[in-house]
Structures are given as structure tokens and as C-alpha cells.
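These notes concern the structure reproduced below.
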Number of protein chains: 2
Amino acid sequence: MKKYEQVAQTVSEQIAQGIYKTGDRLPSIRHLSEQMGFSISTIQEAYMLLEQRGITEVRPKSGHFVTQQQKRLLDLPVMPEYSAKPKETSTWAKVFHVLYQGENADVLFLGRAVPNLSVGTLKPLQRSLATLTRKGELRGLSYDYIFGCDELRRQITRLAVDSGCNLSADEVIITSGCQEALASSLRAITSPGDTVIVDSPSFYGSLQAIEACGLKTLELPTHPERGISLTALELAFEQWPVKACLITPTFNNPLGYTMSDERKARLVGLLNRYDVPLIEDDIYGDLSYEMPRPRTVKSFDTEGRVILCSSFSKSLAPGLRVGWVAPGRYASSVMHMKYISSMSSATLPQLAVADFIARGGYDRHLKKMRGIYKRGRDYLLEWITRYFPEGTRVSHPEGGYLLWVELPKKVDSMQLTTRAMERGVGIAPGELFSSTGKFTHHIRLNYADCPNAKMERGVKMLGELVAEMDSSG
Amino acid sequence: MKKYEQVAQTVSEQIAQGIYKTGDRLPSIRHLSEQMGFSISTIQEAYMLLEQRGITEVRPKSGHFVTQQQKRLLDLPVMPEYSAKPKETSTWAKVFHVLYQGENADVLFLGRAVPNLSVGTLKPLQRSLATLTRKGELRGLSYDYIFGCDELRRQITRLAVDSGCNLSADEVIITSGCQEALASSLRAITSPGDTVIVDSPSFYGSLQAIEACGLKTLELPTHPERGISLTALELAFEQWPVKACLITPTFNNPLGYTMSDERKARLVGLLNRYDVPLIEDDIYGDLSYEMPRPRTVKSFDTEGRVILCSSFSKSLAPGLRVGWVAPGRYASSVMHMKYISSMSSATLPQLAVADFIARGGYDRHLKKMRGIYKRGRDYLLEWITRYFPEGTRVSHPEGGYLLWVELPKKVDSMQLTTRAMERGVGIAPGELFSSTGKFTHHIRLNYADCPNAKMERGVKMLGELVAEMDSSG
Ligand SMILES: Cc1ncc(COP(=O)(O)O)c(C=O)c1O
Ligand SMILES: Cc1ncc(COP(=O)(O)O)c(C=O)c1O
């Protein structure tokens with residue numbers, strides 16, 4: 001055990017013993033350094049570790065405080081070790097293998113990030129599509145304006161108000177899904193060889209985009225409830241020539257965390273101080289179980305440094321491929337990259353989504369989905385508690401429909417993926433969510449369609465497989 | 001006048017005087033060098049110039065022959081001077097300005113590459129869209145397979161037979177339009193700083209993609225009927241570390257040329273010899289006025305070095321954003337680049353296009369469009385002859401719906417574009433089609449909707465503007 005780990009352990013034992021209680025301020029770094037006889041930097045590292053583990057939190061200009069430890073059915077995942085060096089890697093082969101397996105086959109997909117599509121509140125969207133087509137208007141067949149349909153851009157600015165954002169339609173560019181928004185943004189603000197900071201675990205589509213653009217990834221410690229460590233972020237800004245951050249701060253995929261407003265505001269402060277742009281992926285933001293939905297980081301940004309990316313893939317339907325980006329001060333290069341990547345986006349789905357929102361269909365649909373997904377989460381948690389072996393840990397998302405599961409260390413999740421697929425069940429192995437081979441005993445599950453009997457059987461089978469792999473050899 | 005230009009002039013005068021007739025073999029290079037007292041390389045350059053001007057053609061292992069000079073209403077455009085050095089430039093500002101102007105306004109667009117969308121043979125496609133939507137199937141709402149819908153990929157391989165290609169559905173990846181196919185292909189086979197050869201003039205979307213990927217463009221002399229100079233191509237392969245070619249060899253946008261089968265086959269020979277991949281843009285290939293449609297370069301490729309890109313944007317409707325790529329030996333990296341750029345493409349339009357083709361709607365539609373576009377071309381040519389001043393030259397496409405117009409040298413086409421827009425008419429200025437500022441007195445016009453009275457008025461107004469600018473100051 002390293003010196004700072006010793007210190008961290010001592011302090012967390014003191015917390016466990018009740019010497020410091022929830023909300024208490026810990027001794028200052030200088031004080032503890034004198035008291036324990038370790039250097040200032042050792043104590044700093046120890047405090048950072050405690051913060052990363054969610055045991056403490058930093059309040060600017062006040063110090064380190066003991067956080068509230070919540071009691072849950074299952075524990076939260078723990079955070080792996082991080083090396084602080086940007087890495088240039090390629091994990092496409094692995095991702096492709098998982099994406100491709102089971103295509104066309106009759107598989108129960110528990111790992112894909114597809115929303116529940118069989119609810120009645122989506123019907124009016126299909127009606128909009130059909131009506132717009134039947135009207136035989138030429139507009140749906142023609143190239144769209146390069147920024148996207150005005151109707152839709154206006155509706156998006158209306159929705160953005162709910163996340164605390166004042167956007168004008170001019171500030172929004174329609175894309176082919178959130179992925180195109182992310183990739184175009186990345187390309188607009190980086191050059192090959194640059195370093196990009198991500199939360200960790202991180203959506204594999206973003207990681208793939210970073211890798212494929214020839215960029216280096218710097219994965220930062222990320223707490224399963226509070227999100228990316230701002231202490232680590234600031235340190236990285238000091239140490240590395242960071243060109244961009246790409247983070248999903250609200251109902252994170254896959255980890256489920258949501259940064260608090262206070263931390264979002266602090267994040268913006270750091271971005272401004274170090275002049276680093278943030279690509280904020282808000283794709284699950286509207287799927288909050290509580291109203292009002294959480295604010296975006298963008299809503300705290302007064303200097304145009306946050307590029308807000310989203311789409312209707314999770315809140316409505318991914319097959320539409322309707323996404324958008326509000327690129328702030330990087331508008332002209334993001335527009336350029338979007339244009340060369342696919343020119344304008346498909347017109348008809350844009351018009352249909354705009355129509356659907358304008359008629360109130362989107363709000364009705366979200367209201368419905370909030371209840372469905374919250375219930376789905378509780379079912380899946382319940383099943384995992386019942387069917388998975390001891391030592392399993394899970395995330396506790398308050399929005400979206402994805403669960404991050406940490407399995408007992410002995411269980412290799414790539415192997416689990418292969419064996420589950422042989423039994424007709426698809427899952428997403430944790431390794432897809434890291435560029436550096438982390439999360440080898442983690443999986444992502446989708447509870448959008450929970451509860452149903454087939455899913456329960458699938459989860460049970462998975463749990464048995466995991467137990468078997470855990471106890472074997 | 002340079003020495004080689006003198007030689008070329010002498011020879012072309014001899015041809016004009018009938019000393020050499022159509023089909024005659026010119027003296028060998030060595031022979032002429034001795035006869036005229038110029039170096040071998042001067043004669044070589046002279047012969048290259050004659051070939052570029054379309055006065056002669058090369059038959060492999062036989063020599064240089066006088067080509068048939070066709071009589072036309074209006075002359076073909078002449079070819080500008082080329083510098084043989086790859087250039088790294090950015091012309092986005094110019095392109096954006098032209099693309100953006102007139103958005104939302106009530107403008108007669110004579111310059112955009114949009115097909116005729118108001119024909120009855122498209123109606124069944126809209127019916128397919130509406131039916132698929134009404135059936136309320138979830139598939140149209142869900143993420144598609146990463147390679148695209150199987151139904152559509154199968155139909156595409158069926159169509160490819162008409163262009164001489166034997167593809168299997170596995171070899172086809174669906175993209176969001178041809179632009180995404182082009183950009184993903186470029187990214188798959190190049191790295192920033194590499195050199196890419198293009199025909200010239202060249203579609204601005206390709207040029208923008210090349211520029212935005214940080215690549216250097218090498219524009220090669222391109223004949224308005226026979227296409228890119230193979231002599232220049234070989235020379236470039238010898239001289240520069242060329243990483244890829246990007247060419248539209250059939251019904252070229254904007255120049256209208258179609259390479260002959262014999263030249264397409266020779267092109268493949270060169271690609272193989274120098275191990276350079278070709279990105280073949282075949283987006284107008286199906287819009288041939290004669291049946292069978294011309295073969296693709298890909299159909300001569302037995303080594304997988306040709307990446308064939310296309311879409312239904314020109315043959316059906318661009319708003320669908322349904323394109324595809326057959327990437328040959330570069331399949332896995334093209335798939336990777338497509339995936340990170342936008343994941344899968346919109347599902348519903350793919351299913352609708354597949355359904356439309358399967359029911360014979362595509363063939364019926366093409367048959368109809370062939371007649372419409374051919375007639376449109378003849379009308380536009382007629383109007384230009386009537387309304388444009390002397391010295392105007394035009395292309396003679398045998399497919400597609402785009403005309404390339406060379407105006408008298410004094411007419412600045414950027415200025416013309418601005419002045420025409422003030423009068424409610426949009427055109428595409430020639431400069432968009434070069435990365436090096438060529439084609440300053442050229443414009444591209446679209447005859448997809450010819451003849452109609454509004455268009456004729458627009459063309460007349462344009463002709464008058466041109467005449468005025470030609471005779472002023
Ligand atoms: C966090 C995140 N961002 C982006 C995407 C891609 O979204 P889209 O389908 O809109 O391109 C996904 C899809 O899984 C996602 O989970
Ligand atoms: C030659 C050429 N290639 C590609 C494209 C882009 O096609 P798509 O709309 O299918 O992306 C165009 C459109 O103008 C074109 O003319």
C-alpha cells in the first residue's frame with residue numbers, strides 16, 4: 001500500500017468509526033500533514049482518493065467534507081485505478097465484435113441502449129410521419145437546409161428551456177443522431193494527436209470517435225453518483241495540453257451518475273479558467289424520473305465554451321436518426337464538419353419530430369416513459385439482487401434506462417458476453433467503455449422493456465452464468 | 001508561348017488542315033523530336049496537351065491518334081492551366097456563403113443538384129414510406145444493423161449488375177447519402193497531410209471533405225468528354241506520394257463527361273500498378289440517357305482497389321439520405337469510419353427504398369427520368385444558345401441533369417452569383433469546384449425541371465446579366 005493509500009484508509013476508518021460524521025469538515029491538508037508526518041502532496045493525493053471514492057467531497061474555498069453514505073439494496077460499483085497519462089489506442093475490433101454478434105439473429109438484447117418503442121405515446125409520431133408522407137409534399141424528399149429544418153430547431157429551443165438553457169434556433173444544427181453531433185464537434189475542435197478528457201466508464205461511441213480521429217484519451221476517475229472528479233480534472237488541465245472534454249454529465253451512459261448543479265457550475269468555471277471546450281452529451285437528460293429534469297452544464301455556460309449534443313434516439317426512437325448540436329462559439333467549424341460528414345440530414349423524420357413536439361406528443365411521451373423506466377429500474381435491481389451472486393454491485397440511475405453492473409472480480413465479462421450469446425442473450429461487456437482495458441468484470445444492462453417474463457428469464461440465466469464463472473476454477 | 005505549346009499548335013493546325021485525319025496515327029514521339037528538332041520531353045508534353053484538349057487520344061502500345069471532332073451547337077469548355085503540385089487550402093467560406101444564401105427565401109434555384117421530384121413515378125415510394133409507417137412496425141424506429149438493412153443491400157447488388165458489377169450484399173454498407181460514403185472512405189484510406197487526386201472541376205462536397213480531413217488536393221487536367229487525363233494521372237503517381245484518387249467518372253458533376261470503358265479499364269490498370277485506391281463516385285450513373293447504363297470503374301476491378309460510392313439522392317430523392325458504399329479491400333476501416341460518423345443510418349427510408357426497388361418502381365422511375373432529363377438538357381442548351389452571349393461554351397452530358405457553362409472570360413461568376421441572387425435566381429459559381437481558384441468564369445446549371453416558363457425566364461435573365469457583364473467596363 002502506498003503512503004497516500006495508508007492515509008486515505010486511516011481517514012476512512014475514522015469516518016466509519018464515527019470520528020467524522022456526515023457533513024463534517026476534515027482537517028485541513030496542512031494540519032493533517034503536520035499531524036501525521038506525511039508530506040503535503042501525500043495528503044493531497046489521499047484526499048483526492050477519498051473524494052474519488054465518494055467518501056468525501058470538496059466545497060470550494062471551504063475544504064473537504066464527509067459525504068452522506070446512502071444505504072442501498074446493492075452497493076455502488078467501486079472505481080478502478082487510473083493512470084494519469086493520455087493514451088492512444090484502438091479498441092474497434094472489440095467493439096465491432098460485440099456490435100456485430102447476433103445481428104439478424106433472434107437474440108434477447110439486454111445490452112443495447114435502445115429505448116422502449118412499444119408504448120402508445122409513440123403512435124402520434126408515426127402518424128405524423130405517415131401524414132407528412134401522404135400529403136406527398138416535396139419538402140420531405142428534398143435536401144434540407146444545411147442547418148436543419150427551422151420548425152425542428154425552434155422546437156428544440158423550446159425544450160432546452162426545461163434544462164435551463166436559453167438557445168435561439170440559429171444556435172442549433174440538426175445532425176444525424178447524437179453520434180454525428182459528437183463526432184463533428186470533436187473534429188471541429190481537435191487535431192490528430194491532441195488529448196481529450198472523458199469520464200470513465202464512457203459511451204463506446206464517443207471513445208471510438210476519439211480513437212478514430214487519432215486523438216489520445218485521458219480517462220479520469222468518475223464517481224458512480226457524482227461523476228467525473230473535478231480535482232482530477234483540474235490536475236489534468238495543469239499537467240496536459242488538453243484540447244477538449246467529452247462528458248455525459250446527466251444520467252450517464254453507462255455509469256448512471258448525474259453531476260449536481262453545483263458541480264456542473266464548478267466544471268464551467270474550470271473550463272473557462274483553462275480555456276478548454278466541453279462536449280456535453282445530454283442524450284438521456286430528458287428521461288429524468290423527477291421533474292424538472294436536471295440542468296445541463298451548457299445552462300451554466302456564458303462564454304460559449306460548452307458544445308451541447310443530443311438527439312431523440314433515447315427519448316423517442318433511434319431509427320429516426322434525428323440529433324442536434326448547440327455548438328456555442330465553435331459554430332462555424334462544427335457546421336463545416338457536419339456538412340462534409342453527410343451534408344444535411346434526412347428531412348422527413350425532422351419534420352415529423354417537430355410536428356410531434358408541437359402537438360404536445362413529446363411531453364406526453366416523456367411523462368409516460370419516466371414512470372416506465374423508473375419501474376423498470378426497480379425491477380431489474382430486484383432481479384439482480386435475487387439472481388446474481390454476492391459481491392455484485394450496481395449503479396442507481398435517476399433517469400434513462402441503463403444499469404451498470406460490477407460483477408465479482410473473477411468473472412471476465414468478455415467471456416460472459418460470448419457465453420450469454422450462445423444462450424441467446426446479448427449484453428454489453430464493460431471493456432467497451434474504456435480505451436485502456438478497464439472494467440473487465442462489468443456489464444451494462446438495459447431495463448427499458450422491464451418487466452417482462454422473457455427478460456426476467458434472461459437476467460436469471462445471466463446471474464446463474466455469473467455465479468458459475470465466479471465459483472469455477 | 002512555351003516550346004511544347006508551339007509544337008502542339010503546329011500539330012493541331014496540321015490536323016485542322018486535314019494533314020492528319022480522324023483516326024490517323026500521329027508520328028511517334030521520337031520521330032517528331034528528330035523531325036522538329038525539339039527534345040523528347042518537349043514532344044511528350046505537347047502530346048499530353050493535345051490529349052488533354054481532346055484533339056488526340058492515346059491507345060496503349062499503339063501511339064497517339066486523332067480523335068473525332070464532333071460538331072455541336074456550342075463548343076465544349078476549354079481546360080485551364082494546371083500546376084502539378086498538391087495544394088492544401090480551405091475554400092469552405094466560399095462554399096458556405098453560396099450554400100447558405102437564399103436559404104428560406106423564395107429563390108429559383110438553377111444551380112443546386114436536386115433532381116426533379118414532381119413526377120408520378122415517385123409516388124409509389126411515398127406510398128411505401130407511408131405504408132411502412134402505418135403498419136407501425138418497430139423496425140423503422142429502431143437502430144438498424146450497422147451495415148444497413150439487408151433488404152436494401154440485396155436490392156443494391158441487383159442494381160449493380162446493370163453497371164457490370166458483381167457484388168454480394170455483404171460487400172455493401174449503407175450510408176447517410178453518398179457524402180457520408182465519400183467522407184468515410186476518404187478517412188479510411190488517408191491520414192492528414194496525404195495527397196488525393198481529383199478530376200477538375202470536381203464536386204465541392206468531395207473537395208470540402210478532402211480539405212476538412214487535412215489532405216492535399218491534386219487537381220488533374222480533365223477533358224469535358226473523356227474525363228481525367230490518364231497521362232497526367234500516371235505522371236502524378238510517379239511524382240507524388242498519392243494516397244487516393246476521388247473521381248466521378250460517369251456523368252460527372254459538374255463537367256458532364258463519362259470515361260469510356262476502355263479508359264476505365266486502363267485506369268484500373270494504373271491503380272493496380274501503383275497500388276493506389278480509387279474512390280469512385282457513381283451517384284449519377286443510373287441516370288443514363290441510353291441503356292444499358294455505362295459500366296463503373298469498379299466493374300473492371302478484380303483486386304478490390306476501387307471503393308464504389310453512390311446514393312439514391314439523384315436517382316430518387318436526396319431528402320431520404322440513403323447512400324451506400326462497396327469498399328472492396330478497405331471494408332473494415334470504411335465500416336469503422338461510417339460507424340463513428342453517425343452509427344447506423346435512418347431505417348425507414350432504407351426499407352422504403354428497398355420496397356420500391358423490389359416492386360419495380362425504381363426501374364420505371366429511371367425510364368421516365370431518362371426521357372425527362374434528356375429533353376431538359378436539349379431545352380437548356382437551346383436557351384443558352386439563344387440567350388447567352390457569344391463565347392459561351394457548354395458541356396454535353398449524356399446522363400444526369402447538370403450543365404457546365406463556360407462564360408466569356410471577363411465575366412466573374414462569383415459576382416454573377418451575387419447579382420443573380422439579387423434577382424431571385426440561384427446558380428453555382430465555378431470556383432466552388434476547385435480548391436485552387438480555377439473556373440472563375442464558369443457556372444453550373446441544373447436542367448432537372450426544364451422546360452418550364454419560370455426557368456426559361458431565369459435563364460434569359462442570366463444570359464442578359466452575363467452579356468452586360470461581358471460588355472461592361
Ligand atoms: C451517451 C450516448 N451518446 C450518444 C449516443 C448515440 O446516439 P445517436 O443514436 O443519437 O447517434 C448514444 C447511443 O447509445 C449514447 O448512449
Ligand atoms: C458527385 C456527387 N457526389 C456526391 C453528392 C452527395 O450526395 P448525397 O446527397 O447522396 O450525399 C453529390 C450531391 O450533389 C454529387 O453531386
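Before moving on, here are some points about what is shown:
- Of residues in the stretch B:87-134 being within 10 Å of chain A (Cβ to nearest Cβ), open to solvent by 70 Å² or more (accessible area, probe 1.4 Å) and part of a loop (DSSP other than H, G, I, E, B), the one nearest to B:CYS213 (Cα to Cα): B:SER90
Here is a yes/no grid of residues against (1) open to solvent by 60 Å² or more (accessible area, probe 1.4 Å); (2) part of a loop (DSSP other than H, G, I, E, B):
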| site | (1), (2) |
| --- | --- |
| B:GLN35 | yes, no |
| B:THR42 | no, no |
| B:GLU51 | no, no |
| B:HIS64 | no, no |
| B:LEU76 | no, yes |
| B:MET79 | no, yes |
| B:TYR82 | no, yes |
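- Entry remark, the stretch A:7-28: residues being within 23 Å of A:SER83 (Cα to Cα) and without any contact (Cβ under 8 Å) to a residue 24 or more places away in the chain number 1 in total.
- Per the listing A:THR157, A:THR175, A:THR190, the residue uniquely farther than 30 Å from B:GLY193 by Cα and either β-branched (Val, Ile, Thr) or within 16 Å of ligand 2 (Cβ to nearest atom) (or both) is A:THR157.
- Condition met for A:PHE251 (of a type in the set (Phe, Trp, Tyr) and either at positive phi or crowded, with 24+ Cβ neighbours inside 10 Å (or both)): yes
- Exactly one residue among A:TYR387, A:TYR373 is more than 14 Å from every other protein chain (Cβ to nearest Cβ) and farther than 23 Å from A:GLN155 by Cβ, and that residue is A:TYR387.
- Residue, surrounded by the most Cβ atoms within 10 Å (Cβ to Cβ), within the stretch A:345-372, restricted to residues that are within 16 Å of ligand 1 (Cβ to nearest atom) and not hydrophobic (A, V, I, L, M, F, W, C): A:PRO349
- Residue in the stretch A:347-354 that is under 30 Å from B:TYR204 (Cβ atoms), within 16 Å of ligand 2 (Cβ to nearest atom) and not in a helix (DSSP H, G or I) present: no
- Residues (open to solvent by 10 Å² or more (accessible area, probe 1.4 Å) and either farther than 27 Å from B:HIS396 by Cα or part of a loop (DSSP other than H, G, I, E, B) (or both)) located in the stretch B:199-215: B:PHE203, B:GLU211, B:ALA212, B:CYS213, B:GLY214
- The stretch A:136-151, subset of a type in the set (Gly, Ala, Ser) and at the interface with chain B (Cβ under 7 Å from one of its Cβ atoms), residue nearest to A:MET337 (Cα to Cα): A:SER142
- All positions within the stretch B:231-277 that are assigned to a loop (DSSP other than H, G, I, E, B) and away from ligand 2 (no atom under 16 Å from the Cβ): B:TRP240, B:PRO241, B:SER260, B:ASP275, B:VAL276, B:PRO277
- Residue pairs whose Cβ atoms lie under 6 Å apart, separated by 6 or more positions or on different chains, with the first residue in the stretch B:173-186 and over 17 Å from A:ARG321 (Cα atoms) and the second near ligand 2 (Cβ under 7 Å from one of its atoms) and at pLDDT 95 or above, are B:LEU182/B:SER206.
- Single residue of the stretch A:135-151 satisfying the filter (within 16 Å of ligand 2 (Cβ to nearest atom) and open to solvent by 60 Å² or more (accessible area, probe 1.4 Å)) that is farthest from the chain's Cα centre (by Cα): A:LEU138
- Subset of the stretch B:428-438 [crowded, with 24+ Cβ neighbours inside 10 Å and not in a strand (DSSP E or B)]: B:GLY430, B:GLU431, B:LEU432, B:PHE433, B:SER435
- Among residues of the stretch A:317-338 being crowded, with 23+ Cβ neighbours inside 10 Å and more than 7 Å from chain B (Cβ to nearest Cβ), the one that is farthest from ligand 2 (Cβ to nearest atom) is A:ALA326.
- The listed residues are A:VAL353, A:VAL325, A:VAL334, A:VAL306, and the only one of them that is touching a Pro at 6+ places or on another chain (Cβ under 6 Å) and either in contact (Cβ under 8 Å) with a residue 12 or more places away in the chain or not assigned by TED's automatic domain parsing to the domain that holds A:THR133 (or both) turns out to be A:VAL334.
- Looking across B:GLY424, B:GLY458, B:GLY399, one residue alone is surrounded by fewer than 19 Cβ atoms within 10 Å (Cβ to Cβ) and touching a strand residue (DSSP E or B) at 6+ places or on another chain (Cβ under 7 Å). It is B:GLY424.
- Selection count where residues are within 12 Å of another protein chain (Cβ to nearest Cβ) and open to solvent by 10 Å² or more (accessible area, probe 1.4 Å), scope the stretch A:152-175: 3
- Scanning the stretch B:193-214 for residues that are within 15 Å of ligand 2 (Cβ to nearest atom) and at the interface with chain A (Cβ under 8 Å from one of its Cβ atoms) gives B:GLY205, B:GLN208, B:ALA209, B:ALA212.
- Among the residues of this structure, B:ARG59 does not count as one that is among the basic types (Lys, Arg) and touching a helix residue (DSSP H, G or I) at 6+ places or on another chain (Cβ under 8 Å).
- Qualifying residue in the stretch B:281-299 (condition: within 13 Å of ligand 2 (Cβ to nearest atom) and within 14 Å of chain A (Cβ to nearest Cβ)): yes
- Selection of the stretch B:302-313 for residues being open to solvent by less than 10 Å² (accessible area, probe 1.4 Å) and either in a loop (DSSP other than H, G, I, E, B) or within 12 Å of chain A (Cβ to nearest Cβ) (or both) yields B:SER311, B:PHE312, B:SER313.
- Just one of the listed residues (B:LEU218, B:LEU186) is more than 16 Å from ligand 1 (Cβ to nearest atom), buried (at least 24 other Cβ atoms within 10 Å of the Cβ), within 14 Å of chain A (Cβ to nearest Cβ) and not in a loop (DSSP other than H, G, I, E, B), and it is B:LEU186.
- Hits in the stretch A:189-210 (condition: in contact with a Gly (Cβ under 7 Å, 6 or more places away or on another chain) and within 16 Å of ligand 1 (Cβ to nearest atom)): A:ASP199, A:PRO201
The values are calculated or read from the model by the stated rules, or taken from the named source; none is laboratory data. What you see is a predicted model; the values in this text were computed from it and never measured. When we count neighbours, we look across all protein chains shown, and the Cβ atoms used for this are built from the backbone with ideal geometry, even at glycine. Ligands, DNA and RNA are stripped out before the accessible areas are found, and what is left, the full protein with its side chains, is counted by its heavy atoms. Shrake-Rupley method; radii C 1.70, N 1.55, O 1.52, S 1.80 Å.
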